[in-house]
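Structure record follows, encoded as structure tokens.
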Amino acid sequence: MLEVSTLNLKNFQLHLFDQIYLQSDLVEKFAKDRDQVSSDEAFMVCSVDNVIHRFNLWMKLLPSVQPFFAIKCHPDPVVIRTLAALGCGFDCASKTEIDVILDLGIEPEKIIYANPSKPRSYIKYSKEKDVKLMTFDSLEELQKIHQIFPEASIVLRILVQDPTASTVFGRKFGADPETIAPKLLEEAKKLSMNVHGISFHVGVGCKDASVYGKAIQYARDLFRFGSEIGHSMWLLDIGGGYPGREIDNNRFFKIANIINEALDNHFSDLSSVKIISEPGQFFCEGSFSLCANIINAIEVPADRITKKEEDANKRGIMYFLNDGIYGSFMLAATEKIYVEGLALRPRKDAEKLTSIVWGPTCASVDVVEEAIEKERMNEGDWVLYPDMGAYANGLATTFNGFHRPKIIHAISKDNW
Ligand code: PLP
């Protein structure tokens with residue numbers, strides 16, 4: 001493996017390699033660097049090449065849809081700058097996220113402020129910064145925007161969701177497309193506000209691709225009704241929900257097929273409609289690997305882990321990792337997403353033991369992996385968690401004084 005150089009750029013560093021390497025090889029290289037200086041700090045490796053690959057995959061399969069990266073998923077400046085250079089827009093949820101984009105010199109037209117409930121002060125700020133595109137899903141928000149920023153380009157977020165998605169939003173966001181949404185279009189008209197388009201989010205980790213088709217059909221009905229009552233609608237925003245791991249690409253292919261078909265069926269006569277999306281996980285999940293260190297490995301009777309009497313005579317082991325549910329595994333814990341760490345340097349013939357992997361804090365709920373059979377590892381070993389780029393670093397806290405893992409960015413010469 002050949003690292004050509006380290007580029008020290010404004011606010012970040014890029015490790016430049018002679019070619020594209022597997023993320024596990026990159027992690028091994030950077031773990032070795034840490035070993036050499038006796039550092040046990042957890043770290044993440046970001047493959048910028050993968051971010052570029054994912055963008056190209058998007059454009060290949062959904063060429064008519066311009067992605068607006070949902071930066072909440074991972075507000076990493078290198079990912080943002082890379083995607084900006086490729087022509088991506090950005091979905092921001094707050095003033096701070098808007099600033100992240102504007103501070104990088106990206107134009108306000110590249111932003112959709114896609115949070116249907118915004119503080120008044122943030123709407124005012126959007127006006128000052130000329131961030132016009134923003135979503136709403138209630139009469140109250142519509143009236144608020146009308147008072148503060150009547151020239152805003154408002155987009156009505158409707159509720160169409162996959163109830164089996166890992167995270168659904170329907171209880172909190174979205175206007176019912178049949179009952180509430182037409183009323184909101186009428187209310188906007190009464191306020192002399194033009195509704196510029198329709199948006200939806202079917203849920204993070206969408207499993208049922210057909211929901212996109214249904215949502216696009218609802219959007220078309222609302223475009224029809226909207227133009228009948230005098231709105232000039234030009235934007236369709238098909239939200240997020242797209243999987244981010246290579247292993248899930250078949251699911252993305254299916255989603256892309258359904259979207260393309262629905263756009264053909266319902267929007268081909270509206271050639272001037274701009275279609276955007278708000279993918280987060282799609283770009284990030286598979287682009288980052290986490291490598292954490294075992295700071296303690298304590299042998300215990302297995303029943304202490306499993307709470308089953310019959311395991312009293314079995315050997316078990318409790319690992320303490322220097323990252324946990326208050327850190328990179330927050331989403332995994334709250335959404336009950338299964339994660340499995342792999343020994344970065346597996347030992348030959350390592351015995352399997354009933355194991356639990358604890359996070360480093362004093363909280364007893366800080367469990368990363370629960371009662372599983374795992375190959376024996378030792379204190380000081382590195383554990384690799386692939387596909388950790390989505391809603392991990394951005395959600396991580398510094399509870400108990402533990403830092404978020406440092407992110408190391410790697411890119412191949414060709415892509416640089
Ligand atoms: N857009 C909005 C409004 C969201 O709330 C989210 C996630 O919470 C996203 C986009 C990104 O979703 P995903 O990561 O599923 O692409």
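The values are calculated or read from the model by the stated rules, or taken from the named source; none is laboratory data. This structure is a prediction, so every number in the text was calculated from the model and none was measured. Positions of Cβ are generated from backbone atoms using ideal geometry, with glycine treated the same way; all protein chains shown enter the neighbour counts. Side chains are part of the model used for accessible areas, which takes the heavy atoms of the whole protein and leaves out ligands, DNA and RNA. Shrake-Rupley method; radii C 1.70, N 1.55, O 1.52, S 1.80 Å.
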For residue 85 and residue 130 in the same chain, what is the full-extension length gain: residue separation times 0.36 nm, less their Cα-Cα distance, in nm? 14.1 nm
Let's test this: bin the Cα-Cα distances of the chain at 20 Å from zero up to the farthest pair and state each bin's percent. 25, 51, 22, 2
DSSP loop (so not H, G, I, E, B), at most 15 other Cβ within 10 Å: list which GluC sites (Glu not before Pro) in segment 107-154 pass both filters. 151
Nothing charged except the Cβ atoms of Lys and Arg (+1) and of Asp and Glu (-1): what's the magnitude of the dipole of the chain about its Cα centre? Round to the nearest 20 debye. 740
If you put +1 on each Lys and Arg Cβ and -1 on each Asp and Glu Cβ, how big is the dipole of segment 54-196 around its Cα centre, in Debye rounded to 20? 100
The pairs in 144/214; 32/374; 190/214; 10/60; 144/172 lying past 21 Å Cα-Cα in this model are 144/214; 32/374; 190/214; 10/60
Rank-order 336-342, 275-281 by packing density, defined as the average count of other C-beta atoms within 10 Å over each peptide's residues, highest first. 275-281, 336-342
What does the net charge come to around residue 303 if you take all other residues with beta carbon closer than 11 Å to its beta carbon, with K and R at +1 and D and E at -1? +2
Under 1.5 on a/c is rounded, so check that first for segment 78-176, then, if it is not, pick prolate when a/b is larger than b/c and oblate when it is not; a ≥ b ≥ c are the square roots of the alpha carbon gyration tensor eigenvalues. oblate
Selection of trypsin sites (Lys or Arg not before Pro), segment 110-164, meeting DSSP coil and at most 11 other Cβ within 10 Å: none
For a Förster distance of 30 Å, can you work out the FRET efficiency between the beta-carbons of residue 171 and residue 151, rounded to the nearest 0.05? 0.40
Highest-fluctuation residue, 168, 211, 273 considered, GNM on the chain with Cα pairs under 10 Å: 273
Between 292, 402, 96, whose Cα lies farthest towards the positive end of the dipole of the chain when Lys and Arg beta carbons carry +1 and Asp and Glu beta carbons carry -1, centred on the Cα centre? 96
Measure off, as a whole percent, the carbon and sulfur share of the 1.4 Å-probe accessible area of the chain, all protein chains present. 50
If you place +1 on the Cβ of every Lys and Arg, -1 on the Cβ of every Asp and Glu, and leave all else neutral, what size is the dipole of segment 173-265 about its Cα centre, to the nearest 20 Debye? 80
Pull up all non-local amide H partners of residue 112: gap of 5 or more, or a different chain, and H-to-H distance under 5 Å with H placed in the peptide plane. 90, 91, 92
Using a cut-off of 20 Å between alpha-carbon atoms, which aspartates and glutamates can reach residue 124, once sequence neighbours fewer than 8 places away in the same chain are excluded? 91, 97, 99, 103, 107, 109, 137, 140, 141, 151
What does the accessible area per residue of the chain come to in Å², with a 1.4 Å probe and no ligands, DNA or RNA counted? 45
Quick check: the distance between the Cα centres of segment 92-168 and segment 320-349, to the nearest angstrom? 34
Sorted by chain and then number, the residues having a modelled amide H within less than 5 Å of the amide H of residue 195, at least 5 places away or on another chain, are 232
